[in-house]
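First comes the structure, then the notes that go with it.
The values are calculated or read from the model by the stated rules, or taken from the named source; none is laboratory data. None of these values were measured; they are calculated from a predicted model. When we count neighbours, we look across all protein chains shown, and the Cβ atoms used for this are built from the backbone with ideal geometry, even at glycine.
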Amino acid sequence: MPTSKPSPTLPTEPIGSVPRPPELIDAVKAFAAGRLGQRELDALIEVAVRDTVARFETTGSPVITDGEQGKPNFLGYPLEGLSNIAPDGIAIAFADGHQRRLPRLDEGPFRYARYADGYLKRAQKYARVPVKQAVISASALSLLYPEEGIADYPRERFLADLVDETATDVRRCLAQGAHRVQIDFTEGRLAVKLDPSGGLLRFFVELNNRVLARFTAEERKRIGIHTCPGGDRDSTHSADVDYAGLLPHLFELKADNFYIQLASEPDRESVLEIIAEHAKPDQRLFVGVIDPIDPRAESPETVRDRVLEAARHLPPERLGTTDDCGFSPFGDDTSTARDLAFEKIRARVEGTRLASAELNLK
């Protein structure tokens, strides 16, 4: 008797991070204080990654990540161990009043200490489904260069080195077999806040396109861009910035996939209209249907309705779903429970399936 095939569904993918287990957060603090060795920390990271992969797979998610369990934060992984980085860089202010301070490059040349393919390889050891990998953008790392400059290391040399290193990071993840390489561009909306003239945002887009130009059209099918207003300790750094200042420029990036924060927007219909107007015909649009900051788990029916809302503006054949942001982009953020994050992921997967059935996908 022939077996029935499952109905096709819209693609759905996570963004990246999930909250770390408390014992891993404590271990990272102990390591920083010199009370724990590297081998012991690595063993706890391995346990956390294995558990994260297993829990991801129980949600039914067709694509997973390692939850960024081994990253200090979504931005800092290339810098771990560098001797030419100082801690007193640009401060990013969040709406609730707290800040995160970026590092500062104090001498050249700029080189990565670590590439993201190592995280991907570790997750692939345990995964039975495709694994995607998030990497940091060249534009975010460009903020490491001090405004006053660096002697014997002009800004243009830094930017050339930065483009080389960022492209290498992406290429290594592609070579390692990432389902998708997602470039985190959370500073896009922030750029509009820092420079309302749009000059900083245009520079960011041009810089990232220098990286994307290193890849063929076929390779760019496996590369995506993620945008959100930042997320840390249940707060954001740029949600008060009108999305209309970012989105028309966002789609000038030469990538095929876009992961767009949407669930937490107060006027989703207006945002969808802007996306429909400016997205290119060959760009797939993964819309956010889960708000990581909301302390309540969305129901599958809520997710379904958000997908159907998006489908009224965007062609279903170019639509996908995602979470608005990672659940814990900074490793020490404990504002979201680990169990809640996976409950939300499960709702995204099931809600996407319900919406796909309503849309009669073939």
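Structural remarks
Let's see how each residue does on (1) surrounded by 14 or more Cβ atoms within 10 Å (Cβ to Cβ); (2) in contact (Cβ under 8 Å) with a residue 24 or more places away in the chain; (3) of a type outside the set (Gly, Ala, Ser):
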site	(1), (2), (3)
Asp88	no, no, yes
Arg104	yes, yes, yes
Glu107	no, yes, yes
Phe110	yes, yes, yes
Ala123	yes, yes, no
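- A single member of Ile15, Ile64 is in contact with a Cys (Cβ under 7 Å, 6 or more places away or on another chain) and either of a type in the set (Asp, Glu) or crowded, with 19+ Cβ neighbours inside 10 Å (or both), and it is Ile15.
- Residues being hydroxyl-bearing (Ser, Thr, Tyr) and not in a loop (DSSP other than H, G, I, E, B) - total across the range 229-278: 4
- Residue in the range 60-72 that is more than 28 Å from Arg348 (Cβ to Cβ), under 17 Å from the mean Cα position of the chain (by Cα) and not charged (D, E, K, R) present: no
- Set Arg172, Arg128: member being farther than 23 Å from Thr322 by Cα, touching a residue at least 12 places away in the same chain (Cβ under 8 Å), of a type in the set (D, E, K, R) and not in a strand (DSSP E or B): Arg172
- Boolean, Arg157 is in contact with a Gly (Cβ under 8 Å, 6 or more places away or on another chain) and of a type in the set (Lys, Arg): yes
- Cβ separations smaller than 7 Å between residues 6+ apart or across chains give the following pairs from the range 269-292 residues that are among the charged types (D, E, K, R) to residues that are in a loop (DSSP other than H, G, I, E, B): Glu273/His313; Lys280/Phe251; Asp282/Asp256; Arg284/Asp256; Asp291/Ala263; Asp291/Ser264; Asp291/Asp324.
- Count of the range 121-180 residues which are touching a Pro at 6+ places or on another chain (Cβ under 9 Å), aliphatic (A, V, I, L, M) and farther than 18 Å from Ile225 by Cβ: 2
- Residue-level check: of (1) at pLDDT 95 or above; (2) in contact with a Gly (Cβ under 6 Å, 6 or more places away or on another chain), Pro72 misses just (1).
- In the range 152-169, residue surrounded by the most Cβ atoms within 10 Å (Cβ to Cβ) [restricted to those that are touching a strand residue (DSSP E or B) at 6+ places or on another chain (Cβ under 9 Å) and closer than 10 Å to Ala138 by Cβ]: Thr166
- In the range 67-86, the residues that are of a type outside the set (A, V, I, L, M, F, W, C) and surrounded by fewer than 15 Cβ atoms within 10 Å (Cβ to Cβ): Glu80, Gly81, Ser83
- Listed by first and then second residue, the pairs linking a residue in the range 320-334 that is buried (at least 19 other Cβ atoms within 10 Å of the Cβ) and part of a loop (DSSP other than H, G, I, E, B) to a residue that is at pLDDT below 95 and of a type in the set (Val, Ile, Thr), with Cβ atoms under 6 Å apart and 6 or more places separating them unless they lie on different chains, are Phe327/Thr336.
- Residues that are under 20 Å from Pro315 (Cα atoms), free of Cβ contacts under 8 Å to residues at least 40 places away in the same chain and not acidic (Asp, Glu) within the range 240-259 comprise Leu247, Pro248, Phe251, Phe258, listed in sequence order.
- Any hit, the range 63-70, residues being more than 27 Å from Gln38 (Cα to Cα), in a loop (DSSP other than H, G, I, E, B) and touching a Pro at 6+ places or on another chain (Cβ under 7 Å): yes
- Residues that are at pLDDT below 95 and in contact with a Gly (Cβ under 9 Å, 6 or more places away or on another chain), drawn from the range 219-244: Cys228, Gly231, Ser235, Thr236, His237, Ser238, Ala239
- Flag: Tyr145 matches the condition of being assigned to a loop (DSSP other than H, G, I, E, B), of a type in the set (Phe, Trp, Tyr) and in contact with a Phe, Trp or Tyr (Cβ under 7 Å, 6 or more places away or on another chain).
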